[in-house]
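The values are calculated or read from the model by the stated rules, or taken from the named source; none is laboratory data. Owing to the predicted nature of the structure, the values given are computational and were not obtained by experimental measurement. Cβ coordinates were reconstructed from backbone atoms using ideal geometry, including for glycine residues, and neighbour counts include every protein chain displayed. Heavy atoms of the whole protein, side chains included, go into the accessibility calculation; ligands, DNA and RNA do not. Shrake-Rupley method; radii C 1.70, N 1.55, O 1.52, S 1.80 Å.
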Amino acid sequence: MALARVTRSGLRRSGGSFGGNRTEDIFCEGVSPCQCSMPSLENVREYSNLSYFSSTKNVNHMRFWSRGIRVMPHYHSPAAEMVAEVSDSEYDEPRYPGLEATKPGEKPRVVVLGTGWAACRFLKGLDTKIYDAVCVSPRNHMVFTPLLASTCVGTLEFRSVAEPVSRIQSALATSPNSYFYLASCIDIDTDKHEVYCETVSNGGLPSEPYQFKVAYDKLVIAAGAEPLTFGIKGVYENAFFLREVNHAQEIRKKLLLNLMLSENPGISEEEKKRLLHCVVIGGGPTGVEFSGELSDFIMRDVRERYTHVKDYIQVTLIEANEILSSFDVGLRQYATKHLTKSGVHLMRGVVKEVHPKKIVLNDGTDVPYGLLVWSTGVGPSNFVKSLKLPESPGGRIGVDEWLRVPSVEDVFALGDCAGFLEQTGKPVLPALAQVAEREGKYLAELFNKKIGKKNGGKALSAKDIPLGEPFVYKHLGSMASVGRYKALVDLRQSKDAKGVSHAGFVSWLIWRSAYLTRVVSWRNRFYVAVNWATTLVFGRDNSRIG
């Protein structure tokens, strides 16, 4: 470490700098100095065969600006003189560039992790006259998940269900101290009020993985959840999930490729059946809606345009219990009859293993497939599991009645990653879009009307502020499309309560109308309406693979 200080001091005197993160930029073959103006290097060569410089290959020595994030070697910073004098032990601590804590007179900074329903509804409602907002997420848009299944078969275009986060909260693009960072949070230090992030890697940065930190006054964790695979071997390697736009794109590409490949000469009857066998695992709303959309696509478009293979294509929905278990009994029976009539084969079973061309059930049955879609619910992500925060039943982040995380200051959690603690006496709410949206709206009002107006936005300043009424969730009902202009509407507030339930064409109109009004922007509402009208008149576009 003494050598390190000598090196940094020499660099300050010479004004030398590294222009990249490769030692070859500084020294030529044989460890002889290249033609560069660094007079202090000759003296350094006498120490330990340049061991310090050989250790710099993992440090990012590039200047990199990204809306407030600055990366530079520590010995170039204005505090270089002070750094050279600190104790050796401090050089062993990781150093991150990023946003430092807010200063007196600056607006408090709210950091939001995620761009799902909860995060985006919170960002939309947050008063940016009171707060600066920083959003960290590996995707820059919100996905309107109830309509995602429609994009897989061409009923809707992909852009119709994706809303850029900068349109939801314009301050992220226009305010000088509000930012969106395309990155994943990897750790949180609740004592220092800092989150540590890692950028999305695609080879575009000079040093990857690139990490940075963001200091916060208030932190809102809305990181969502991950698909449940129950530890079944081969699911991640062979199955498609349906939670992101890129998932829908991959499903569509695979479906159309299998349709076209199955028409090629030399394909056996058995292989045609396998290629055109679409298997859906999970009988919840997502699995049922995808099966319904797929059966409708087959009946209206595939049979007309792929006449040579129309008799080979089949959809199988596998569920361990009953499909749509949260819906009314009468609606479940209606869905079962309608899907069966539409050509969907319903199977009871539990998946044991997933192979590249077949799945194996617990009873030993082999089910060959060409397309496998996995939709068995969601659970806590590895990131949520890694946090040292209180847990609610099921492994989610535990919160109180005001969506605060107890035992830590200035941290809130909402959406699929959060659940009420047992001591609150409230059940863990289901992982539904309407739950997340309602929590985001409530928390935004709490920040604006309670915390912000009473000057509690800064770190550690909201301890004694009364927060008013706690969050109360009232279920508005459930809806699901089952294809061919039919849908289910269940307006009961709970599974055991009484209420209105209806199925059929009228329910399908209600389903479409409700979702059209819930689409975030008028721009996307227009896209959705036009897509629906175009599909109705001209059918689905099944010629494009990409």
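See the values below:
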item	result
Karplus-derived HN-Hα couplings along the range 397-410 (A = 6.51, B = -1.76, C = 1.60, θ = phi - 60°), whole Hz, x at Gly and Pro	5, x, 10, 8, 5, 9, 6, 8, 8, x, 6, 10, 8, 6
Accessible surface of the range 174-214, 1.4 Å probe, proportion on carbon and sulfur as whole %	44
Rounded to whole Hz, the Karplus (6.51, -1.76, 1.60) HN-Hα couplings of the range 501-508, x for glycine and proline	9, 8, 9, x, 5, 4, 4, 5
Partner aspartates and glutamates for Lys486 [C-alpha distance under 17 Å; skip if fewer than 8 residues away on the same chain]	Glu289, Glu293, Asp296, Asp328
Computed P(r) (all Cα pairs; the range 206-263; 10 Å bins; percent)	15, 26, 30, 21, 7, 2
Cross-link pairs beyond the 29 Å C-alpha cut-off, checked among Lys385/Lys426; Lys107/Lys474; Lys272/Lys352; Lys192/Lys474; Lys218/Lys495	Lys107/Lys474; Lys192/Lys474; Lys218/Lys495
Pairwise Cα inverse-distance average, inverted: Kirkwood Rh of the range 443-513 (Å)	15.4
Shape call, the range 387-453: gyration tensor on alpha carbons, a/c limit 1.5	oblate
Carbon plus sulfur fraction of accessible area for the range 279-422, probe 1.4 Å, in percent	48
Cα-based shape type of the range 192-340, given that a ≥ b ≥ c are square roots of the gyration tensor eigenvalues and the cut on a/c is 1.5	oblate
Local net charge near His355, Cβ-Cβ under 10 Å (Lys/Arg +1, Asp/Glu -1)	0
Accessible area per residue, Å², the range 288-433 with all protein chains present, probe 1.4 Å	45
Semi-axes of the equivalent ellipsoid for the range 231-282, Cα gyration tensor, largest first, Å	24, 15, 8
Solvent exposure, largest accessible area first (probe 1.4 Å, DNA, RNA and ligands not counted), of Leu228, Leu99, Leu536	Leu536, Leu228, Leu99
Surface accessible to a 1.4 Å probe, His345 within the full protein complex, Å²	80
With eigenvalues of the C-alpha gyration tensor scaled by 5 and rooted, the range 318-369, Å	25, 13, 7
Charge tally in the Cβ shell below 15 Å around Lys273, where Lys, Arg are +1 and Asp, Glu are -1, Lys273 excluded	-1
